[in-house]
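Worksheet: the structure to be examined is printed underneath.
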Amino acid sequence: MIKMHDVHTQPIDGQKPGTSGLRKKTKIFMGPHYLENYIQCIFDGIGGIEGKTLVLGGDGRYFNDRAAQVILRMAAANGAARVIVGQNALLSTPAASHLIRSHETDGGLIMSASHNPGGPNEDFGVKYNTPNGGPAPEPVTDRIFHLTRTINRYHICETADLDLGTLGESRLGEMVVQVVDPVADYAALMESLFDFKAISDLFASGFRMRFDAMHAVTGPYATEILERRLGAPPGTVVNGTPLPDFGGGHPDPNPIWAADLMATMFAQDAPDFGAASDGDGDRNMIVGRGLYVTPSDSLALLAAKAHLAPGYADGLSGVARSMPTSAAVDRVAEALGIPCYETPTGWKFFGNLLDAGCAALCGEESAGTGSDHVREKDGLWAVLLWLNILAVERRPVAELMAEHWATYGRNYYSRHDYEGVDSDRAATLMSDLRGQLPDLVGTTVAGLSVTSADEFAYDDPVDGSRTEAQGIRIGFAGGARAVFRLSGTGTAGATLRVYLERLVTEPGQLHQDAQAALAPIIAAAGALAQIKRITGRTAPDVIT
Ligand code: G1P
Ligand code: ZN
């Protein structure tokens, strides 16, 4: 017996306009009516869900299981026809994107705060993806945001918890709840894109790999694909069991948070290849023996060699990168004679380009890489594309990168993050910089001459929309660059991101340490933005 309720409620402090989901402290989500309010705003913001089919799953963090039960009860009360749920309410973000697309659904809800830590005192999040499988665009998220300011009721039904551990269909009132294997469809998609035979042969030849799932959602995916289907030795996947608090770690695949993997890959007896993925499985990290491959360099190498994998054998229609990502991929696109698009930070801006067939490979400096196979970045996909390339090339990662730099030049790259900066000071820093822009070109800063200075705005070539104030970029002579922007995803104060880049083409200088190679740009960026004076910080909190 199912009882429907209309619950009276009050507006909430919802997501910031322009962000594609809501991330808050878990305790806030667990507070009275908070999750319910936000879910109702999503349902109303997409025009109601009566008769619709949705996908639901999350990265397994604390509260994932409880939130799934609430969302299902609300979906039933709001008249949904069907919800396809990953077993135990688990789905990686790319697997959710694939299910939304392959089942031609009306979109889906993904429960995750991506790479942010999880647990009762850490972060939780929910986002809605549209029927194309991608993050909702701004008009949709703006509608949802406005609803969070006026909401006064939500619909929910009263019922015992559903069993989400057993595959198959059941009913919640009129609504069908279909519990699916979270890995199966995704693994089949990977098998359709990559040469699994060649990769299996590579493993059979003694090639050794370490995949660090960081106790997050890619564990079951990587174990099934790498160890069961591709025959990698047991133990190739480490930290492969998703835990509600990610083992107390920070599931963000970069040299800082995946320090264990870095240590393994730089040790005497390092495996041939190392990789990691984040909380919800959309980010990736690539490490060769003794060499960390930056996400910007990885994107460039994948662009140059994607044709070695069956799914991309016909070549790429085009590539796209977020503005702060290095120009390494631009140089490959130029050589291939294909277009390269520059978009604002955030995966949602790639959606139109992928849907329209303008670009087939996209990436961000923040460890996101993906293609037109889904509408999210995809961590394990990037790892498999690398493996397919290595299976064909049969050469060490370091050798492939050295050859790449010798061919295209090397875009030295680093990002310096200043976290938890006072919001007013961060805003002052940006507006001071903005004020300098008109007079900068032609001047010399810390010995470097400024050749361009502007604030990035994006005109979407597909729908004609314009997005402004997407970061301040300063170009220096010889292809060096500094970019300044404030994070849109931080949860405490402001995070200032300073992106530093320098192009080197002289063979003798291709193998320096990145921070050393970038020292002149770092000095110029500090002088221009007056980082020390305005923020009071003497050094970045995180360097990647
Ligand atoms: C960060 C990354 C950005 C990525 C986003 C979501 O956003 O910089 O590339 O798309 O997380 O994973 P930011 O905090 O810089 O706004
Ligand atoms: Zn993520």
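The values are calculated or read from the model by the stated rules, or taken from the named source; none is laboratory data. Computed from a prediction, not measured in an experiment: that's the story for all the values here. When we count neighbours, we look across all protein chains shown, and the Cβ atoms used for this are built from the backbone with ideal geometry, even at glycine.
Here ARG331 meets each of (1) basic (Lys, Arg); (2) closer than 21 Å to ARG502 by Cα; (3) crowded, with 24+ Cβ neighbours inside 10 Å with one exception, condition (3). Residues in segment 11-25: is at least one at pLDDT 95 or above and either within 16 Å of ligand 2 (Cβ to nearest atom) or not acidic (Asp, Glu) (or both)? No, the conditions are met nowhere in segment 11-25.
In summary, helices (runs of 4 or more DSSP H) completely within segment 57-160 and bearing 2 or more residues that are more than 16 Å from ligand 1 (Cβ to nearest atom) and modelled with pLDDT under 95 occur at 138-148.
So, ALA391, is that one over 25 Å from TYR412 (Cβ atoms), away from ligand 2 (no atom under 16 Å from the Cβ) and in contact (Cβ under 8 Å) with a residue 60 or more places away in the chain or not? In short, yes.
Figure legend. Inter-residue proximity from segment 221-233: first residues more than 22 Å from ASP278 (Cβ to Cβ), second residues polar (S, T, N, Q), beta-carbon distance below 6 Å, spacing 6+ or different chains. Indicated pairs: GLY231/SER200.
In segment 333-383, which residue that is within 16 Å of ligand 2 (Cβ to nearest atom) and among the charged types (D, E, K, R) is nearest to ALA232 (Cα to Cα)? Looking at residues that are within 16 Å of ligand 2 (Cβ to nearest atom) and among the charged types (D, E, K, R), I get ASP378.
Exactly one residue among TRP386, TRP405 is more than 16 Å from ligand 2 (Cβ to nearest atom), surrounded by fewer than 23 Cβ atoms within 10 Å (Cβ to Cβ) and assigned to a helix (DSSP H, G or I), and that residue is TRP405.
Among the residues that make up segment 480-488, is at least one of them within 25 Å of GLU342 (Cα to Cα), within 16 Å of ligand 2 (Cβ to nearest atom), surrounded by fewer than 20 Cβ atoms within 10 Å (Cβ to Cβ) and of a type in the set (Ser, Thr, Tyr)? Yes, segment 480-488 has at least one match. Applying the criterion of being part of a strand (DSSP E or B), within 16 Å of ligand 2 (Cβ to nearest atom) and among the hydrophobic types (A, V, I, L, M, F, W, C) to the residues of segment 254-282, the residue that is farthest from SER114 (Cα to Cα) is ALA275.
Scanning segment 128-153 for residues that are surrounded by 19 or more Cβ atoms within 10 Å (Cβ to Cβ) and farther than 25 Å from LEU99 by Cα gives PHE145, LEU147, THR148, ILE151.
Condition check ((1) crowded, with 21+ Cβ neighbours inside 10 Å; (2) assigned to a helix (DSSP H, G or I); (3) in contact with a Phe, Trp or Tyr (Cβ under 9 Å, 6 or more places away or on another chain); (4) modelled with pLDDT of 95 or more) across all residues:
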{"residue": "VAL176", "(1), (2), (3), (4)": "no, no, no, yes"}
{"residue": "VAL179", "(1), (2), (3), (4)": "yes, no, no, yes"}
{"residue": "PRO182", "(1), (2), (3), (4)": "yes, no, yes, yes"}
{"residue": "SER192", "(1), (2), (3), (4)": "no, yes, no, yes"}
{"residue": "SER200", "(1), (2), (3), (4)": "no, yes, no, yes"}
{"residue": "GLY206", "(1), (2), (3), (4)": "no, no, no, yes"}
{"residue": "HIS215", "(1), (2), (3), (4)": "yes, no, yes, yes"}
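Only residues that are under 28 Å from the mean Cα position of the chain (by Cα) and farther than 14 Å from ALA426 by Cβ were counted across segment 527-544, and they come to 4. Checking the stated criteria, SER296 turns out to be hydroxyl-bearing (Ser, Thr, Tyr), within 16 Å of ligand 1 (Cβ to nearest atom), farther than 18 Å from ALA391 by Cα and part of a helix (DSSP H, G or I).
Listed by first and then second residue, the pairs linking a residue in segment 301-328 that is under 22 Å from PRO461 (Cα atoms) and in contact (Cβ under 8 Å) with a residue 24 or more places away in the chain to a residue that is β-branched (Val, Ile, Thr) and in a helix (DSSP H, G or I), with Cβ atoms under 8 Å apart and 6 or more places separating them unless they lie on different chains, are ALA303/VAL329; ALA303/VAL332; VAL319/VAL329; VAL319/VAL332; ARG321/VAL329.
Of the numbered criteria (1) farther than 30 Å from GLY107 by Cβ; (2) in contact (Cβ under 8 Å) with a residue 12 or more places away in the chain, the one LEU354 fails is (1). Is it true that MET285 is part of a strand (DSSP E or B), within 16 Å of ligand 2 (Cβ to nearest atom) and crowded, with 24+ Cβ neighbours inside 10 Å? Yes: the conditions hold for MET285.
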